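Let me begin by presenting the structure, written as structure tokens, before commenting on it.
The values are calculated or read from the model by the stated rules, or taken from the named source; none is laboratory data. Keep in mind that this is a model prediction, so the values were computed, not measured. Methodologically, a virtual Cβ is constructed for each residue, glycine included, from the backbone with ideal geometry; neighbour enumeration extends over all protein chains shown. The protein model used for the area step is the full one, side chains on, heavy atoms only, and it has no ligands, DNA or RNA in it. Shrake-Rupley method; radii C 1.70, N 1.55, O 1.52, S 1.80 Å.
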Amino acid sequence: MATLKTNTLTGTSTAGSIAVTGEGNSTTTNLQQGLLKQWCNIKGTSSTELLDSFNTTSVTDDATGKTTVAIANDMNNDDYSVTTSAQENTCVHAHTSMATGSYQAQSRGSDDQAFTDVTNFGCQIAGDLA
């Protein structure tokens, strides 16, 4: 088995576009389009704290159950896809106030829909960087 080691991959027809052949050899995935552009793991109780992240500048505690996530390298527009999750299974997690450089993550109780802080939650973005 051969090993390829490199620091940079560049497409031949378009520098930032590399197609990867999928399982079964019948479909391809664009490597650039298929990568997460931002993710973060946030502690959300008592004080909001960024535990680990990629392409995240900071998090701001806006109010109970509301945290703004600042993106280090802006997205191309505000039409990107955000996925949120948390450890608590009694909460509904969402996002709102999307802009090219930030979005707000929210957590509500599944029974009463009241905003609530959660112990640990995560967010990730798929979409186009600016």
Rounded to whole Hz, the Karplus (6.51, -1.76, 1.60) HN-Hα couplings of segment 30-46, x for glycine and proline: 6, 4, 5, 6, x, 8, 5, 9, 7, 8, 7, 10, 10, 8, x, 10, 6
Among Gly16, Gly44, Gly24: highest mean-square fluctuation, GNM of the chain, C-alpha pairs under 10 Å: Gly24
Accessible area, probe 1.4 Å, largest first, for residues Met75, Met1, Met98: Met1, Met98, Met75
Nearby lysines by direct alpha-carbon distance to Lys66 (threshold 22 angstrom, same-chain neighbours under 8 apart not counted): Lys37, Lys43
Cα-based Rg and Dmax for segment 23-77, where Dmax is the largest Cα-Cα distance (Å): 15.7, 50
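What does the charge count around Gln106 come to, taking other residues whose C-beta lies under 15 Å from its C-beta (Lys +1, Arg +1, Asp -1, Glu -1)? Present the calculation step by step, with values, prior to reporting the outcome.
Working: positive: Lys66, Arg108; negative: Asp61, Asp62, Glu88, Asp112, Asp117.
Spelling it out: positives minus negatives among the neighbours equals -3.
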Amide proton proximity set for Ala86, modelled H, under 5 Å, gap of 5+: Gly122
Where only C-alpha atoms are counted, convex hull volume of segment 32-130 per residue in Å³: 85 Å³
Residue-wise HN-Hα coupling along segment 87-97, computed from phi with Karplus coefficients 6.51, -1.76, 1.60 (Hz; x: Gly, Pro): 6, 6, 8, 9, 10, 10, 10, 8, 9, 7, 6
Within-11-Å neighbourhood charge of Thr48 [Cβ basis; K, R +1; D, E -1]: -2
Amide H partners (placed H, <5 Å) of Val92, local residues excluded: Arg108, Gly109, Ser110
Accessible surface of the chain [probe 1.4 Å, protein heavy atoms]: carbon and sulfur percent: 47 percent
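For the chain, what is the accessible area per residue in Å² when the probe is 1.4 Å?
Averaged over the residues of the chain, the accessible area is 62 Å².
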Other-chain or far-sequence residues with amide H under 5 Å of Ser102's (modelled H): Ile71
